[in-house]
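Heads up: the structure comes next, in structure tokens.
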Amino acid sequence: MGSGAVQCPASHFFVTCVFPNNWLIVRVLCRFRGMLSLVFLTVFMQPLIRFREFELNVRSGELLRQGSRVKLQNQPFQILAMLLENPGEVVTREELRKRLWPENTFVDFDRGLNKAISGLRWTLKDRVSKPLYIETVPHRGYRFIAKVADPVSSPPALRVDSLAVLPLENLSGDPAQEYFADGMTEELICAVARIASLRVISRTSVMTFKGARRSVPDIAKELHVDAILEGTVARSGEKVRITAQLIYAAEDRHLWSGRYERDLSDILQLQTDLAQSIASQIHKVVDPERAARRVEMPVNSQAYEACLKGNYFRDKMTPDDLRKSVAFFTQAIELDPGYARAYADLSQSYVFLGIFGVARPREVFLKARSNALKALELDDASAAAHNALALIHILYDWDWASAEAECRRAVDLNPQASVTYAHFADYLSIRGRHDEAIAAFARALELDPISRVFKGHFGLILHRARRYDESIAQCRGALEIDPTYANALWFMALSLEQQGELAEAVATLQRAVSLSKGPHFRALLGRAYALSGDRTKALEILNELQELSGRMYVSAFDLAVVHAGLDDRNSAFQFLEEAYQQRVFRIIELILPMFDDLRPDPRWGDLVRRIGLPNG
């Protein structure tokens with residue numbers, strides 16, 4: 001261009017793309033500096049403006065140095081953006097005043113501007129005497145003198161409505177830090193789900209790909225997502241560094257990468273910053289209300305780390321690992337008695353111990369309740385605590401109105417968590433609202449499409465609805481993911497029994513018993529033997545359970561199951577009444593088809609009425 005050409009790189013680039021032969025339009029539009037140019041940069045250009053080792057992200061409002069976020073207050077950021085709109089040109093003090101201090105703003109302008117410029121220079125490590133970035137033009141204003149990378153046009157807009165965060169790779173070199181890498185993965189999933197309006201796949205599905213060497217498009221296809229976030233985490237003492245890259249799966253196209261480093265005490269800010277960067281890259285609106293629901297950081301960072309260890313063991317979902325999780329959550333509470341999350345997590349571990357039936361219901365569910373209520377006392381917006389309380393109302397209190405209220409509250413607080421929909425679906429299924437239950441569980445599977453736990457549990461939901469073929473198909477899907485998942489085996493066996501496939505049901509339960517020596521699976525196998533006509537083996541298992549009860553807790557409900565299979569109704573109802581008095585949660589299984597033969601007996605209706613189950 002000649003010497004008289006107007007220099008306005010951001011808007012000039014856009015206008016010359018749209019009106020390549022009309023310089024008059026270019027000149028007119030480029031006269032409108034300030035907000036118009038920033039709009040062009042934000043809407044039509046790549047959000048990153050690069051200069052030396054820095055990047056300014058106009059869309060997210062971030063300044064990065066070599067991928068790491070640099071703290072910069074709003075006014076210095078706006079000044080830097082204005083200077084970068086017109087590099088090499090003088091931005092006058094009057095232009096800065098109009099942009100940052102409108103006429104109805106009553107402040108000491110000179111003092112405010114000098115403070116903002118000083119803060120900007122301090123952030124850039126720039127000096128007034130020998131500037132690298134910002135040159136003062138006496139009595140006029142300021143000029144940006146560093147070289148700015150040429151702007152490039154944005155690629156066609158990509159539609160990203162769903163995302164999976166793959167397990168972060170542990171770069172610490174210490175296998176004992178796997179709990180930390182897994183914990184950071186889950187925390188990042190929650191952070192993105194909390195602030196952005198998109199579907200984020202839950203932890204249990206993405207952990208299937210931990211250590212897997214599969215292509216991004218293949219993983220995305222299996223998870224039914226548009227984009228994949230993958231990265232690494234490294235920890236050294238109290239320092240944590242996460243690197244991440246965002247990939248558009250359909251084209252295997254790299255969209256963005258970043259590196260974030262913080263102290264452990266500031267790890268939640270790291271997760272939020274990373275989540276907001278991801279949301280800005282895929283043009284997702286951040287919900288301010290949901291973003292404000294920050295998970296609180298404990299006063300003691302060791303308490304946070306203890307919770308990560310507790311979650312690591314709880315997610316293994318075995319009785320021994322659940323006991324380990326209880327120890328770590330208890331430790332977190334001892335380190336920080338005001339840490340709501342630790343109480344909520346501890347409550348959930350006690351609930352799961354109750355579900356496994358390895359302790360007397362009163363022993364675990366009362367502890368679960370007290371910890372859930374303490375969590376809510378500290379933070380009423382804890383979805384995890386509401387979830388735990390919902391399960392306690394379902395499994396121990398049989399308080400159905402309160403259970404539904406807690407389920408709905410948990411969904412409202414965390415609509416991106418698959419577990420909230422799974423618990424709500426379980427409640428609806430027990431209440432006989434099968435169509436609603438199936439719809440709710442379908443939502444859980446959208447968020448957790450390859451979870452063995454959810455696929456198997458969906459089999460139980462379908463079994464309650466007496467949709468046996470569909471139930472068996474879901475259970476087989478769970479077993480394809482994990483052939484050792486014993487719960488899917490017994491859910492499937494129940495449907496096989498209802499279809500008259502007794503030999504296959506026995507074989508399926510034999511396999512379940514070989515995987516889990518718990519009384520529950522033995523009782524179901526004893527019942528299956530009885531139904532298939534092998535009373536001898538059924539009685540052998542009944543004797544085993546009675547002998548075992550002298551060494552460990554055996555639920556009265558398990559004994560009732562075998563007696564019902566043997567058609568010993570008096571003994572069955574005797575143990576069912578005992579289970580009711582002990583508040584054994586599995587007595588709610590009276591509504592399952594396996595107890596249809598007991599329905600004509602008035603004692604069945606009496607029990608169902610006292611528990612509050614539907615009698616239909």
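Filtering 452, 443, 464 for residues that are at negative phi and touching an Asp or Glu at 6+ places or on another chain (Cβ under 6 Å) leaves a single hit, 452.
Matching residues to (1) of a type in the set (D, E, K, R); (2) open to solvent by less than 10 Å² (accessible area, probe 1.4 Å); (3) touching a Lys or Arg at 6+ places or on another chain (Cβ under 9 Å):
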{"residue": "164", "(1), (2), (3)": "no, yes, no"}
{"residue": "171", "(1), (2), (3)": "no, no, yes"}
{"residue": "192", "(1), (2), (3)": "no, yes, no"}
{"residue": "207", "(1), (2), (3)": "no, no, no"}
{"residue": "234", "(1), (2), (3)": "no, no, yes"}
{"residue": "252", "(1), (2), (3)": "yes, no, no"}
{"residue": "257", "(1), (2), (3)": "no, no, no"}
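Residues that are buried (at least 20 other Cβ atoms within 10 Å of the Cβ) and either among the β-branched types (Val, Ile, Thr) or at pLDDT below 75 (or both): does the stretch 290-301 have at least one?
Checked the stretch 290-301: at least one residue is buried (at least 20 other Cβ atoms within 10 Å of the Cβ) and either among the β-branched types (Val, Ile, Thr) or at pLDDT below 75 (or both).
If you go through the stretch 316-372 and pick out every residue that is more than 27 Å from residue 520 (Cα to Cα), among the aliphatic types (A, V, I, L, M) and open to solvent by 40 Å² or more (accessible area, probe 1.4 Å), you end up with 1.
So which residues in the stretch 492-539 are open to solvent by less than 10 Å² (accessible area, probe 1.4 Å) and closer than 16 Å to residue 457 by Cβ, if there are any at all? Passing the criteria: 493, 494, 495, 512. Applying a threshold of 6 Å to beta carbon distances and a minimum spacing of six or more residues, or different chains, the list of pairs starting in the stretch 414-431 at a residue that is within 11 Å of residue 447 (Cα to Cα) and ending at one that is open to solvent by 10 Å² or more (accessible area, probe 1.4 Å) and among the hydroxyl-bearing types (Ser, Thr, Tyr) reads 418/202.
In the condition set (1) surrounded by fewer than 16 Cβ atoms within 10 Å (Cβ to Cβ); (2) modelled with pLDDT under 95, residue 583 is compliant with all but (1).
Of all the residues in the stretch 388-445, those that are surrounded by fewer than 19 Cβ atoms within 10 Å (Cβ to Cβ), of a type in the set (Asp, Glu) and assigned to a helix (DSSP H, G or I) number 5.
Screening the candidates 244, 164, 193 for the property of being under 21 Å from residue 419 (Cα atoms) and in a strand (DSSP E or B) yields one hit, 164.
The values are calculated or read from the model by the stated rules, or taken from the named source; none is laboratory data. Treat the numbers as computed from the prediction; the structure is a model and nothing was measured. Quick reminder, even Gly has a Cβ in these numbers, built from the backbone with ideal geometry, and neighbours come from all protein chains shown. Please note that ligands, DNA and RNA were not included when accessible areas were found on the heavy atoms of the full protein model with its side chains. Shrake-Rupley method; radii C 1.70, N 1.55, O 1.52, S 1.80 Å.
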